[in-house]
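Structure, as structure tokens:
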Amino acid sequence: MAVEHDEIGIWSEVKLAIIKKYATAYTTVMEAQRRERISRLRWLYIDGYAGSGHHISKTSGDLVEGSPLIALNTNPPFHEYHFIDSDSGRAAELRKESGDRPDVFTYSEDCNKVLMEKVFPRAKFKDYNRALCLLDPYNIDLRWDVIEAAGKEGSIEIFLNFMVMDINRNAMRRNPSKSVKSKVEQMSRLWGDDSWLDAGYDQVPTLFDYSVPVKVSNERFAEAFRQRLIKQAGFKYVPKLMPMTTKTNAVIYYLYFASQKEAGMDIVNDIFNQYRAKQGL
């Protein structure tokens, strides 16, 4: 049965363009380091929520290459490609797209489990392996221990989609008692604990003997998560986040980049700033 490709908005097309630019810069730098200093150096591309390989543009109706195909077409190339999607149909479509290449590994399992048990162990710093990892979940089912493992390893750079619209609609409503219980639990797994409630709500005193929770701004909440990537996950460089917006400037999600290398942050800042200028941010 044919796989139905996801439709994506302009914000997702911008994200893919950012990934494409950075992937080329990343492999170019890695190749130069391998030639000049570390002949054993190898680099991997990891896609935690890879999809089927293509999308349909809502803007144009055209077929758009997804992040796995962008990675496969990056030059200089990566040494290994790890594509993960829990949907078996999407994973099967990806296997068709990549053919029988021995450097491509496709998994139709839970991203959190596969990354921790099968993929991150192949990106050990001590083995002269490095990795660029895209974590672009369909909802907020990503676990904090996966993010933290990437930071602690020291060899893995990540792009991370922080789905603030989903969070606001379901996990962090203005009235916390109205939040969806399953989404609140997912949010705690993504954050690592329930301290996100302190980051997401101010306790505002009333005229009586109690306080009421008042939601903080999207920007403040997203900044708290950025600080967590630095202080708890151990990434040294996490540039100012990139808001991904609709045509009416509503924020769908924030795109984070996290690395141990200042050079990576500088390159991403340049790319982010190009798109901020286009969006008038």
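Where a number appears in this text, it was derived from the coordinates with a stated rule and is not lab data. Given the structure is predicted, the values throughout are model-derived calculations rather than measurements. Cβ coordinates were reconstructed from backbone atoms using ideal geometry, including for glycine residues, and neighbour counts include every protein chain displayed.
Just a few scattered comments:
- Selected from ALA258, VAL114, PHE159, residue furthest toward positive end of dipole (the chain; charges at beta carbon): ALA258
- A cut-off of 5 Å between modelled amide H atoms, ignoring neighbours fewer than 5 places along the same chain, links VAL64 with HIS55, ILE56, SER57.
- Of LYS15/LYS215; LYS15/LYS247; LYS126/LYS261, pairs whose Cα-Cα distance is over 24 Å: LYS15/LYS215
- Correct choice for Cα extents along the principal axes in Å that was computed from the model, options (1) 68, 45, 39; (2) 49, 41, 37; (3) 62, 39, 32: (1)
- Positive-end ranking of THR28, ALA17, VAL64 along the dipole of region 3-68, with charges on Cβ about the Cα centre, is headed by THR28.
- Percent antiparallel among DSSP beta bridges (both partners in the chain, rounded to 5): 45 percent
- Pairs from LYS113/LYS231; LYS152/LYS240; LYS183/LYS236; LYS58/LYS240; LYS113/LYS183 whose Cα-Cα separation, in the structure shown, is over 26 Å: LYS183/LYS236; LYS58/LYS240
- Straight-line cross-link partners of LYS278 among the aspartates and glutamates, defined as a Cα under 17 Å from its Cα and at least 8 positions apart when in the same chain: GLU13, ASP270.
- Proximal lysines to LYS96, defined as alpha-carbon separation beneath 23 angstrom and excluding residues fewer than eight positions away on the same chain: LYS20, LYS118
- Distance from region 219-268 to region 78-138 (C-alpha centre basis), Å: 23 Å
- Against the chain, whose longest principal axis is taken from its Cα atoms, helix 218-231 shows a tilt of about 60°.
- Folded to 0 to 90 degrees: helix 144-153 orientation relative to the chain principal axis, Cα: 50 degrees
- Sorting 39-46, 205-212 by their mean Cβ neighbour count within 10 Å, with the most densely packed peptide first, gives 39-46, 205-212.
- Estimated dipole of the chain in Debye, rounded to 20 [Cβ of Lys and Arg +1, of Asp and Glu -1, Cα centre]: 620 debye
- Tilt relative to the chain, helix 10-36 - C-alpha long axis, 0 to 90 degrees, to 10: 50 degrees
- Dipole in debye (nearest 20) - region 123-244, about Cα centre, beta carbon charges: Lys, Arg +1; Asp, Glu -1: 160 debye
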